[in-house]
Amino acid sequence: MNVIISSVSGEKISDNKCRKKLARKLGLPVSRGHAIRTRILKSEKSSWTYTNRKTRSDAITPDTKKRIYEFWCSLCISTELHGKMNNFKILLEISQKSNVCVHDFSENYRCSELTEIQSAYFQKTEVSVHVTILHRHALLEYDGVDSSEDFPEIITEQFFVISPDLVHDQYFVHKVRNYIAEYLQSISYSVDTMHEFTDGCAAQYKSRHCFGDISQTSDDFGYQHFTRNFFETSHAKGPQDAAGGIIKRQADCAILRGQTQIWTAKDLYEYVNSFLTQPRSHSVPSIRSLHQVRASRDSAKGLINISELSCFCVNCCHHMYDQCSNSIKTGGYTEWEMKREYRADAQENEENEEVSLQELVSVGRLVALYTDDDEEEYYMLKVEKSMETLRIDTTDSWGSLLPAGTPVFRGLFYNKTNSPFQYRLVNRKAVVPAASVDKTSVKKCISTLF
């Protein structure tokens with residue numbers, strides 16, 4: 001069997017001398033940046049030269065080489081996935097009730113922990129991760145933007161299914177399709193035609209078992225029309241591969257930082273759902289080569305202006321950037337839309353203040369209480385019972401009356417001694433309102449302990 005290589009990727013072709021020589025022999029211009037793959041394949045001179053160079057003269061006849069060359073130059077040859085993105089949008093623009101899904105199984109995630117015994121390396125629990133890139137029309141109620149036939153607005157979403165089921169078959173895929181249908185129904189998105197794009201894996205998407213499942217699509221999901229399209233071999237690389245890698249990479253980084261422990265599929269799902277559901281800003285190209293970024297109140301919210309070089313000419317110092325004297329040298333400013341990112345645990349829920357306080361204050365903990373005593377800045381209380389809500393009016397040993405329905409803590413007060421560093425526990429039961437607890441001091445105490 002003779003192995004024939006008849007294509008070449010033209011990305012970063014000027015990185016080294018070997019690629020420069022190859023580019024010259026193929027008749028391609030050598031320049032900085034990225035060459036286009038179709039340019040290499042469709043150029044008759046480069047295709048024929050490359051096919052001749054990469055095959056042994058004594059192994060394949062000229063006629064066979066010619067057929068290979070004609071195959072790669074034909075217009076019907078499939079392009080890579082990034083060349084099909086425009087086709088996805090065209091499919092959506094034809095009908096307002098259509099949807100496009102690109103399915104792929106990511107490599108199984110191997111659960112791990114920060115500190116583990118050596119033998120655990122060979123007994124790691126694996127988790128299935130299925131990725132779907134979903135293209136749909138925008139909904140005014142859900143996305144804030146409306147899509148019409150004249151002005152179509154296409155929304156691209158990443159849909160993940162995380163499961164402990166390691167059998168990647170038609171039943172798994174059917175469940176994924178069911179989740180997608182339920183999601184589209186939940187946002188009131190009417191689907192008349194569903195287009196799916198997958199690779200040609202027999203166990204997952206392309207077999208008689210899978211086709212039998214497809215035959216019942218209309219009854220199962222209510223679609224009027226359904227098509228599943230299969231990419232050519234080695235032509236299905238795209239955003240779905242990167243999306244699956246991001247989840248696994250972020251989970252591994254969180255484990256190494258000691259932020260979480262992931263032992264099961266449920267742990268991975270909870271981590272992703274807590275930390276990776278918020279949208280992030282789009283990446284800025286060549287960000288390391290930028291030397292100036294600016295934002296102003298006059299700009300729309302979330303818009304910044306970036307430039308490769310900084311300028312402090314008279315006009316720029318007076319904020320007249322469109323009249324920059326050195327715009328030819330600096331290249332001017334490029335407007336870019338960004339979004340602020342928040343930590344998932346940075347936003348406190350005010351409605352759950354009592355619950356968070358109950359989690360902070362446990363039995364045996366020392367807490368500081370607010371007081372209106374001019375001589376004492378605060379009172380110290382040793383908690384002897386978890387937070388509770390009074391059912392009846394209650395009076396404690398200190399004569400304090402609290403009405404029914406008040407969240408309280410029960411405990412013992414500390415009294416100061418002659419030494420400023422010593423306190424004495426007073427054996428008199430106290431009932432104090434939960435609202436009088438200084439939560440800041442409790443949090444500081446916990447952070448000090450850990």
Of the residues Gln204, Gln240, which single one is surrounded by 13 or more Cβ atoms within 10 Å (Cβ to Cβ), in a loop (DSSP other than H, G, I, E, B), in the same structural domain as Thr125 (by TED's automatic domain parsing) and touching a residue at least 60 places away in the same chain (Cβ under 8 Å)? Gln204
In this structure, does Lys301 turn out to be under 25 Å from the mean Cα position of the chain (by Cα) and modelled with pLDDT under 85? yes
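How about the range 243-287: which of its residues are of a type in the set (S, T, N, Q) and part of a helix (DSSP H, G or I)? Steps first, please.
First, the residues of the range 243-287 that are of a type in the set (S, T, N, Q): 250, 259-261, 264, 273-274, 277-278, 281, 283, 286.
Hits for the range 243-287 are Gln250, Asn273, Ser274.
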Which numbered condition Phe211 misses (of (1) surrounded by fewer than 15 Cβ atoms within 10 Å (Cβ to Cβ); (2) within 18 Å of Ile133 (Cα to Cα)): (2)
Test: residue in the range 327-335 that is hydrophobic (A, V, I, L, M, F, W, C), part of a loop (DSSP other than H, G, I, E, B) and either without any contact (Cβ under 8 Å) to a residue 40 or more places away in the chain or under 30 Å from Glu157 (Cα atoms) (or both): no
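Which residues, taken from the range 382-409, are part of a strand (DSSP E or B), in contact with a Ser or Thr (Cβ under 9 Å, 6 or more places away or on another chain) and surrounded by 15 or more Cβ atoms within 10 Å (Cβ to Cβ)?
Residues of the range 382-409 part of a strand (DSSP E or B): 382-389, 394-395, 401-402, 407-409.
Okay, now just the ones that are also in contact with a Ser or Thr (Cβ under 9 Å, 6 or more places away or on another chain), so 383, 386, 389, 394, 401-402, 407-409.
Result: Val383, Thr394, Leu402, Pro407, Val408, Phe409.
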Looking at (1) surrounded by 15 or more Cβ atoms within 10 Å (Cβ to Cβ); (2) at pLDDT 85 or above, which one does Val361 not meet, given that it meets all the others? (2)
For the range 364-381 the number of residues that are surrounded by fewer than 16 Cβ atoms within 10 Å (Cβ to Cβ) and within 13 Å of Arg410 (Cα to Cα) is 2
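Which of the residues spanning the range 405-423 are small (Gly, Ala, Ser) and in contact with a strand residue (DSSP E or B) (Cβ under 8 Å, 6 or more places away or on another chain)? Show your work before the answer.
Taking the range 405-423 as the starting set, the residues that turn out to be small (Gly, Ala, Ser) are 405, 411, 419.
Residues satisfying the conditions are Gly405, Gly411.
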The lone exception for Ile246 - which of (1) under 27 Å from Arg340 (Cα atoms); (2) outside the structural domain of Asp104 (by TED's automatic domain parsing); (3) not acidic (Asp, Glu) it fails: (2)
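Do we find that Ala236 is under 17 Å from the mean Cα position of the chain (by Cα) and either at pLDDT 85 or above or under 29 Å from Gly200 (Cα atoms) (or both) in this structure?
On the way: under 17 Å from the mean Cα position of the chain (by Cα): no; either at pLDDT 85 or above or under 29 Å from Gly200 (Cα atoms) (or both): yes.
Here the answer is no, as Ala236 does not meet what is asked.
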Out of Phe409, Phe413, sole residue that is within 45 Å of the chain's Cα centre (by Cα) and either of a type in the set (Val, Ile, Thr) or assigned by TED's automatic domain parsing to the domain that holds Gly364 (or both): Phe409
With respect to Ile287, is the statement that it is of a type in the set (Val, Ile, Thr), under 25 Å from the mean Cα position of the chain (by Cα) and within 30 Å of Asp165 (Cα to Cα) true? no
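Matching residues to (1) in contact with a helix residue (DSSP H, G or I) (Cβ under 9 Å, 6 or more places away or on another chain); (2) in contact (Cβ under 8 Å) with a residue 12 or more places away in the chain; (3) among the β-branched types (Val, Ile, Thr):
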{"residue": "Asp219", "(1), (2), (3)": "no, no, no"}
{"residue": "Ala254", "(1), (2), (3)": "yes, yes, no"}
{"residue": "Tyr269", "(1), (2), (3)": "no, yes, no"}
{"residue": "Arg294", "(1), (2), (3)": "yes, yes, no"}
{"residue": "Asn305", "(1), (2), (3)": "yes, yes, no"}
{"residue": "Glu308", "(1), (2), (3)": "yes, yes, no"}
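Considering only residues that are assigned to a loop (DSSP other than H, G, I, E, B) and surrounded by fewer than 17 Cβ atoms within 10 Å (Cβ to Cβ), which ones fall in the range 140-166? Working first, answer last.
Within the range 140-166, the first condition is being assigned to a loop (DSSP other than H, G, I, E, B), and the residues that meet it are 144-153, 164-166.
Correct list: Gly144, Val145, Asp146, Ser148, Glu149, Asp150, Phe151, Pro152, Glu153, Pro164, Asp165, Leu166.
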When you go through (1) surrounded by 14 or more Cβ atoms within 10 Å (Cβ to Cβ); (2) not in a loop (DSSP other than H, G, I, E, B) one by one for Tyr189, which number turns out not to apply? (2)
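The values are calculated or read from the model by the stated rules, or taken from the named source; none is laboratory data. Everything numeric here is computed off the predicted structure, so don't read it as measured data. Reconstructed Cβ throughout: ideal geometry from the backbone, glycine too, with neighbour counts over all protein chains shown.
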